[in-house]
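*Asks:* First the structure, which I've put down as structure tokens, then a few questions once you've had a look.
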Amino acid sequence: MEIKCPTCGSEDYVKAGLIAKEKQRYKCLNCKRRFNDLSRTVFHGQKLSGRVMRKLFALIIRDATIEDIVELLGVSIITAYVWRIKVYKCLGNYQKSVVLSGNVWIDEFFIPVNRKDLIMNKEKNYKVLA
Ligand SMILES: [Zn+2]
């Protein structure tokens with residue numbers, strides 16, 4: 001992986017110790033700022049282990065409730081809620097950048113939705129909160 005300073009884009013850096021196990025810190029030789037592989041990413045500053053993060057993502061993608069995430073992983077309600085928002089936001093942004101080309105085959109795909117994530121419109125039909 002090519003390492004660049006997230007502030008100035010320089011590729012001139014030195015290793016500046018470990019933040020935690022397996023997390024390398026670098027110092028940019030151009031702007032003198034310190035950064036790591038997670039700087040300026042959605043994972044910046046997160047303290048959960050890789051194992052817990054993988055389970056958290058799997059639960060969020062499967063539309064687990066906040067209560068289930070808290071119970072299964074032992075994280076706080078705020079942590080579960082914030083990460084769910086981050087994951088949805090990332091997926092939403094990714095989806096915006098997808099450009100289809102060539103032959104496109106479309107099929108139905110049903111995703112289970114929690115009833116509490118539904119809102120009722122004036123016609124008394126349920127819609128998913130966007
Ligand atoms: Zn820099």
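Derivation of every value follows stated rules applied to the coordinates shown; laboratory data play no part. Predicted, not measured: the structure shown is a model, and the values here were computed from it. Neighbour counts run over all protein chains shown; Cβ positions are idealised from the backbone, glycine included.
*Asks:* Run the paramagnetic zone check for Cys8: 7 angstrom along Cα to Cβ, then residues of segment 32-50 with backbone nitrogen under 19 Å.
*Replies:* Of the residues in segment 32-50, 32-37, 39-40 have backbone N under 19 Å from the label point off Cys8.
*Asks:* Using a 10 angstrom Cβ neighbour count of at most 12 plus a DSSP loop assignment to flag exposed trypsin sites (Lys or Arg not before Pro), which longest range of the chain is free of such sites?
*Replies:* 63-121
*Asks:* How much net charge surrounds Cys8 when only other residues with a Cβ under 11 Å from its Cβ are counted (Lys, Arg +1; Asp, Glu -1)?
*Replies:* Result for the neighbourhood of Cys8: +1.
*Asks:* Separate question: Could you give me the percent of Cα pairs per 5 Å distance bin for the chain, shortest bin first, beginning at zero and ending with the bin that holds the maximum distance?
*Replies:* Calculated P(r), rounded to whole percents: 2, 8, 13, 14, 14, 14, 12, 10, 7, 4, 2, 1, 0.
*Asks:* Taking amide H positions as placed 1.01 Å from N in the peptide plane, with prolines and chain starts having none, which residues 5 or more places from Asp37, or on another chain, fall under 5 Å of its amide H?
*Replies:* Gln24
*Asks:* Sticking with this one: What 222 nm value per residue comes from the helices of the chain, counting each DSSP H run with n ≥ 4 as -39,500 (n - 2.57) and dividing by all residues, nearest 500 deg cm²/dmol?
*Replies:* -10000 deg cm²/dmol
*Asks:* Still on this model: Let's see if you can work this out: charge +1 on each Lys and Arg Cβ, -1 on each Asp and Glu Cβ, no other charges. What is the dipole magnitude of the chain about its Cα centre, in debye to the nearest 20?
*Replies:* In debye, rounded to 20, the chain gives about 640.
*Asks:* While we're looking at this one, here's another question. Report the label-to-label distance for Val99 and Tyr81 in nanometres (one decimal), using points 7 Å from each Cα along the Cα→Cβ vector.
*Replies:* With each label point 7 Å from Cα toward Cβ, the separation is 3.9 nm.
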